[in-house]
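First the structure, in the form of structure tokens, and then the observations on it.
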Amino acid sequence: MSAEVPTDTVYSAAMKILLLAALASTATLAAADAPPSALYRTSPELTAALKASQATPDMLTSEVNNTDHHRINVVRRTKAAGAVAHEGFAELHHIIEGSGTLVTGGTLARTTARGAATIQNGVSRHVGPGDVILIPPGMAHWYKDLDGTITYLEVRWEEKPL
């Protein structure tokens with residue numbers, strides 16, 4: 001003799017399963033639709049992460065967030081390097097510590113095909129802690145002379161022509 005399960009118990013169990021599946025589905029969708037969380041790095045974390053790459057041993061970097069469309073790093077330069085310009089990308093430097101001479105604008109000049117670039121007819125400014133420099137897309141810039149080392153927050157972003 002088999003025991004019969006009351007119909008309302010079967011429906012009740014089925015409803016519980018459907019309800020749990022709906023809740024799980026809603027939670028998954030809500031997580032997928034949730035805005036991304038903020039990225040947070042403490043000063044000690046960034047300072048501890050400063051490291052030199054083999055390509056640029058005189059420039060230490062601590063990545064905050066880098067993509068194809070922006071770069072955010074803490075940079076520590078231990079000696080001056082060649083001038084650069086980033087076509088299509090604007091750049092902001094906020095000096096954290098140290099000081100030096102930053103040259104902007106003018107024309108990039110190379111003494112040899114593989115030599116470090118310099119800037120001719122640029123504007124030189126002495127920069128130090130708390131200073132903020134906004135460099136337009138494609139503008140040459142160069143930390144020509146350093147008073148020891150210099151550390152700055154570098155934020156570079158893609159700018160599309162209007």
- request: Show the residues, 5+ positions off or on another chain, whose built amide H is closer than 5 Å to the amide H of ARG41.
  value: none
- line: So for the range 43-158, using the alpha carbon gyration tensor with a ≥ b ≥ c as root eigenvalues (a/c under 1.5 gives rounded; past that, a/b versus b/c decides prolate or oblate), I'd call it rounded
message: Can you give the FRET efficiency to the nearest 0.05 for ALA109 and SER43, using r as the Cβ-Cβ distance and R₀ = 41 Å?
response: 0.65
statement: Pseudo-spin-label distance GLU63 to ASN121, built 7 Å along Cα→Cβ, given in nm, is 3.9
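No value in this document is a laboratory result; all are computed from the given coordinates. Here the structure is a predicted model, which is why all the values come from computation and not from measurement. Cβ coordinates were reconstructed from backbone atoms using ideal geometry, including for glycine residues, and neighbour counts include every protein chain displayed.
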